[in-house]
Every structure is written in structure tokens, then in C-alpha cells.
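Here the structure comes first, spelled out in C-alpha cells, and everything after it is commentary.
The values are calculated or read from the model by the stated rules, or taken from the named source; none is laboratory data. The model shown is predicted, which means the values in this text are computed figures rather than measured ones. Here the Cβ positions follow ideal geometry from the backbone for every residue, glycine too, while neighbour counts run over all protein chains shown. Remember, those area values only see protein heavy atoms, side chains included, never the ligands or the DNA or RNA. Shrake-Rupley method; radii C 1.70, N 1.55, O 1.52, S 1.80 Å.
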Amino acid sequence: MTEHTTKQFDVDIDQIRSELLRMGGIVQSMIRDAMQVVTDGDSAALERVRDNEKLVNKLEVEIDERITNLIALRQPAAVDLRIVLAVSKMLTDMERCGDEAENIARRANRIYEDASRFVPDLELQHIAMAVINMLNEVMDSFARHDSIKAAEVVRHDKQVDKEWKSAVRSLVSYMIEDPRTISGGIDLLFVARSLERIGDHCKNMSERVIFMVHGADVRHQGVKAAERLVREETQGADRES
């Protein structure tokens, strides 16, 4: 690319980055609001989630169009193409995080709409805070091109999986011991599952950050493989500098 074209590409990709980061902030607020619905059936929080879900969908379409135009007009190659591909994949995962937040709010609202749907006193807020922190770290690693932090998110997903399985076991125990909890407990099972899926999407995005920085695909290779690659690549870059 010519210098002029390169500068314009930088402007275009910076705009796309900014919009993706904005999208991430909206999704974080959606998860917080959705968990507020879980806690006390807050109807205002439910409406905010629904409104923001529409905004996230709109942003996905707009960013995707920007990416398509960028590829068509700038024809990025090598590292530039890698960045564009990573952002495109992250965009899909981010939108799905928003979908899961909306699912959480909808399920929680069902519980509070029917007073007979007894809900066991189960703490899911800790898992929610964990995935919110994961999303925040993904966005930070993306903004800073920090593959070390991205690898940490991959490891954090393992802990979220453990907490999700523990929550499922507790819910099943509640439902076995007290049939009154079955209806509400099933909805909470879906809430817990949505939180776990948000963690999975954060892991996917962190793997895309590693790909963006190092050009290596660490999907399906496990936490240790991702950490080893990042460590080796980072140490190699330090030696060269």
C-alpha cells in the first residue's frame, strides 16, 4: 500500500477498534443490568437490557459493513489483514455476549412474573463479576495489543467453568430436595449457562487477540499451549529489541 493508503487504513481500523470497544462497554452494562433483574426483578434494568440489545445488534451490522468496505477498498495484507480478521471474529463473539445477557434478563423476569416460581437462594453474582472482568480484560488486551493479558483470560475461563458446574450441582440439589424450586431453578440453570457461555465468548476473543498480535491460532490447544506461545513470542521479541 502507498503511504497515503496506509494512513487511511490506520484511520479506518482505529474507527473500527473504537466502535468495538464501545460495543464491549455496552455489553458489560447489559450483563450488570441482567444480573440486577436476577437479584430483584428490576423492570427498569430489564428495559435497559432490551434497548441495549438492539443497539448492540445495530453496532454489529455497522461495524461489519465497515470491515467489508475496508477489505474491499484498502485490500489489507499480512499484519493488517490479520488485524481485520481478528476484529471480525471478535465482533461476532461480542454480539453473542449481548444475546446471552438478554437471555439472562428474560429468564429472570419470568421468575418474578410468577410469584409461585420459588427461587432458591443461589449466589450467581460471583460468576457474573468474573465474566464481566474477563470481558474488561479482553477489551484492554485488544486495545493495548497485550497478548499476555489475553492469555490470562483463557485461563480465567477454566475457573468460570468450575464455578458454573458447582452452581449447577447446587441447583439440582435444591430441585431434588424441594419440588417448589423446580420451575424457578430451571430458569436459573439457563441463567448460569448463559454466564458460562459469555465466559466462552471472552475466551474466544482473547484467542483472537493472540492471533492478532502473534499470527498464531491457539484455538482448541488449551490454556498451557496459549500461555507457552505467548511467553515464547514475547521473550523472543524482547531479545530482538
Exercise. Looking at (1) open to solvent by 40 Å² or more (accessible area, probe 1.4 Å); (2) more than 30 Å from E233 (Cβ to Cβ), which is the only condition R155 fails?
Worked result: (2)
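Quick one: would you say V11 is assigned to a helix (DSSP H, G or I) and under 25 Å from Y112 (Cβ atoms)? Please lay out each step first, then the result.
Working: assigned to a helix (DSSP H, G or I): yes; under 25 Å from Y112 (Cβ atoms): no.
No; evaluated as a whole, the condition is false for this residue.
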Problem set entry | Lone qualifier among E100, E60 - being open to solvent by less than 60 Å² (accessible area, probe 1.4 Å), closer than 22 Å to A128 by Cβ and charged (D, E, K, R) | E100
For this session: Scan (1) in a helix (DSSP H, G or I); (2) out of contact with any Leu (no Cβ under 6 Å at 6 or more places or on another chain); (3) farther than 19 Å from I26 by Cα for the single condition L171 breaks and write down its number.
Result: (2)
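Which residues, taken from the stretch 176-202, are open to solvent by less than 50 Å² (accessible area, probe 1.4 Å) and within 20 Å of N136 (Cα to Cα)?
Within the stretch 176-202, the first condition is being open to solvent by less than 50 Å² (accessible area, probe 1.4 Å), and the residues that meet it are 178, 181, 183-185, 187-189, 191-192, 194-196, 198-202.
Passing the criteria: A192, S194, L195, E196, I198, G199, D200, H201, C202.
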Seminar exercise, completed: N57 vs (1) under 16 Å from the mean Cα position of the chain (by Cα); (2) at pLDDT below 95; (3) not hydrophobic (A, V, I, L, M, F, W, C): all pass except (2)
Seminar exercise, completed: Counted residues in the stretch 38-59 being touching a residue at least 24 places away in the same chain (Cβ under 8 Å) and touching a Ser or Thr at 6+ places or on another chain (Cβ under 8 Å) come to 1
Exercise. Looking at (1) within 30 Å of D114 (Cα to Cα); (2) in contact (Cβ under 8 Å) with a residue 40 or more places away in the chain, can you tell me which one E177 breaks?
Worked result: (2)
Exercise. (1) modelled with pLDDT under 95; (2) more than 26 Å from G184 (Cβ to Cβ); (3) open to solvent by 80 Å² or more (accessible area, probe 1.4 Å): which one isn't true of H145, the others all being true?
Worked result: (3)
Problem set entry | Selection status of V218, within 18 Å of the chain's Cα centre (by Cα) and at pLDDT 85 or above | yes
Seminar exercise, completed: V27 passes all but one of the listed conditions (1) over 18 Å from the mean Cα position of the chain (by Cα); (2) under 19 Å from K89 (Cβ atoms); the exception is number (1)
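Only one of these is farther than 25 Å from F190 by Cα, assigned to a helix (DSSP H, G or I) and open to solvent by 20 Å² or more (accessible area, probe 1.4 Å): V79, V84. Name it. Lay out the reasoning, then the answer.
Working: V84 fails: open to solvent by 20 Å² or more (accessible area, probe 1.4 Å).
Being farther than 25 Å from F190 by Cα, assigned to a helix (DSSP H, G or I) and open to solvent by 20 Å² or more (accessible area, probe 1.4 Å) holds for just one of V79, V84, which is V79.
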Exercise. Only one of (1) of a type in the set (F, W, Y); (2) more than 30 Å from D40 (Cα to Cα); (3) open to solvent by 50 Å² or more (accessible area, probe 1.4 Å) is not met by F211, so which one is it?
Worked result: (3)
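Condition (residue is farther than 24 Å from L46 by Cβ, modelled with pLDDT under 95, touching a Ser or Thr at 6+ places or on another chain (Cβ under 7 Å) and surrounded by fewer than 20 Cβ atoms within 10 Å (Cβ to Cβ)) applied to the stretch 113-123: is it met by at least one residue?
Taking the stretch 113-123 and keeping what is farther than 24 Å from L46 by Cβ, we get none.
The answer is no; no qualifying residue exists.
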For this session: Would you check if R193 is of a type in the set (D, E, K, R), more than 19 Å from R208 (Cβ to Cβ), in a helix (DSSP H, G or I) and touching a residue at least 12 places away in the same chain (Cβ under 8 Å)?
Result: yes
